[in-house]
Amino acid sequence: MEPIDIDKAVEYLGGKGAFLATAGSFLAECDGMLECLNSAVESADADAVGEKAHCFKGGLAFLHAAPSVEAARHLQDVANKKPSEVPTAFALLVKEVDRLKRVLERCLSGENSL
């Protein structure tokens, strides 16, 4: 599955300009959000992991980034139900977000036509 459904994201956000602005904002904030999530994971704070994963999931949904949304949803679920699985779930989220970031970077550079 592709990291993002660009056509749906462009339509949902109201056009190419809005999509590119949203993609740029996401890329600017993404690493900081992942760092906050990582801190919660490292401190084994299940409530914080669940809360931060939920917030991150919302931002990913605007981009129609289904694999990343699913990874964030999974992290949120295991934080509440199976805390021992949190590090693995977080690693999957990071992997999916890295895939998404590469696509968004190509969109912003003009390599991917919209």
Exercise. Out of PRO67, PRO3, which single residue is assigned to a loop (DSSP other than H, G, I, E, B) and either closer than 19 Å to LEU93 by Cβ or without any contact (Cβ under 8 Å) to a residue 40 or more places away in the chain (or both)?
Worked result: PRO3
Seminar exercise, completed: Of the residues in the range 14-35, those that are over 13 Å from LEU60 (Cβ atoms) and either in contact (Cβ under 8 Å) with a residue 40 or more places away in the chain or in a helix (DSSP H, G or I) (or both) come to LYS16, GLY17, ALA18, PHE19, LEU20, ALA21, GLY24, ALA28, ASP31, GLY32, GLU35
Exercise. Does at least one position in the range 36-54 carry a residue that is surrounded by 13 or more Cβ atoms within 10 Å (Cβ to Cβ) and under 23 Å from LYS8 (Cβ atoms)?
Worked result: yes
Exercise. Of everything in the range 57-89 that's hydroxyl-bearing (Ser, Thr, Tyr) and farther than 14 Å from MET1 by Cβ, which residue is surrounded by the most Cβ atoms within 10 Å (Cβ to Cβ)?
Worked result: THR88
For this session: Taking the options LEU60, LEU92, name whichever one is touching a Ser or Thr at 6+ places or on another chain (Cβ under 8 Å) and either in contact (Cβ under 8 Å) with a residue 40 or more places away in the chain or assigned to a helix (DSSP H, G or I) (or both).
Result: LEU60
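Any read-out appearing in this document is the output of simple, stated calculations on the displayed coordinates, not a laboratory observation. It should be emphasised that the depicted structure is a prediction, and the values quoted were computed from it without experimental measurement. Virtual Cβ from ideal backbone geometry, glycine too; neighbours counted across all protein chains shown.
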